[in-house]
C-alpha cells in the first residue's frame with residue numbers, strides 16, 4: 001500500500017495530520033479516551049510494508065478490533 005492510501009485510512013480511523021517540515025516523515029495524532037497518541041509516517045513511498053503499517057497503527061493507539069472495523 002502506498003503512503004497516500006495509508007494516510008487516507010488513518011484519517012478514516014480518526015488520525016489527524018499535525019506537521020511535516022523538511023523531512024520525509026509527517027507526524028499524525030489521534031486522541032482516544034483522553035490520551036493523545038502521535039506517530040511519524042513515511043511519506044511519498046510507493047510501497048509500505050505491512051509490519052511498518054501495523055507499528056504505526058499501534059503507536060496511534062488502534063486496537064485489533066478497531067483495525068478490523070476501520071480497515
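Could you list, in sequence order, all residues of the range 12-25 that are in a loop (DSSP other than H, G, I, E, B) and touching a residue at least 40 places away in the same chain (Cβ under 8 Å)?
Of everything in the range 12-25, those that are in a loop (DSSP other than H, G, I, E, B) and touching a residue at least 40 places away in the same chain (Cβ under 8 Å) turn out to be 13, 15.
For the range 34-63, which residues satisfy the criterion of being assigned to a loop (DSSP other than H, G, I, E, B) and either surrounded by 13 or more Cβ atoms within 10 Å (Cβ to Cβ) or under 10 Å from the mean Cα position of the chain (by Cα) (or both)? Working first, answer last.
In the first step, residues of the range 34-63 are kept if they are assigned to a loop (DSSP other than H, G, I, E, B); the result is 34, 43-49, 60-63.
Matches in the range 34-63: 43, 45, 48, 60, 61, 62.
Would you confirm, using the coordinates I've provided, whether residue 69 is surrounded by fewer than 12 Cβ atoms within 10 Å (Cβ to Cβ) and in contact (Cβ under 8 Å) with a residue 24 or more places away in the chain?
So residue 69 fails the test.
Has the range 1-11 got at least one residue that is in a loop (DSSP other than H, G, I, E, B) and within 9 Å of the chain's Cα centre (by Cα)?
no
Taking the range 1-17 as the region of interest, how many residues are over 13 Å from residue 67 (Cβ atoms) and touching a helix residue (DSSP H, G or I) at 6+ places or on another chain (Cβ under 8 Å)?
Here the count works out to 2.
Does residue 28 count as touching a residue at least 24 places away in the same chain (Cβ under 8 Å) and not in a loop (DSSP other than H, G, I, E, B)?
yes
Taking the range 23-33, which residues are surrounded by 12 or more Cβ atoms within 10 Å (Cβ to Cβ) and under 14 Å from residue 62 (Cα atoms)?
Matches in the range 23-33: 28, 29, 30, 31, 32.
Got at least one residue in the range 12-22 being more than 10 Å from the chain's Cα centre (by Cα) and surrounded by 14 or more Cβ atoms within 10 Å (Cβ to Cβ)?
Within the range 12-22, one or more residues are more than 10 Å from the chain's Cα centre (by Cα) and surrounded by 14 or more Cβ atoms within 10 Å (Cβ to Cβ).
Read the figures in this text as sums done on the coordinates, not as results from a lab. Source: prediction; values computed, not measured. A quick note on method: Cβ atoms are made from the backbone with ideal geometry, for glycine too, and the neighbour counts reach across all protein chains shown.
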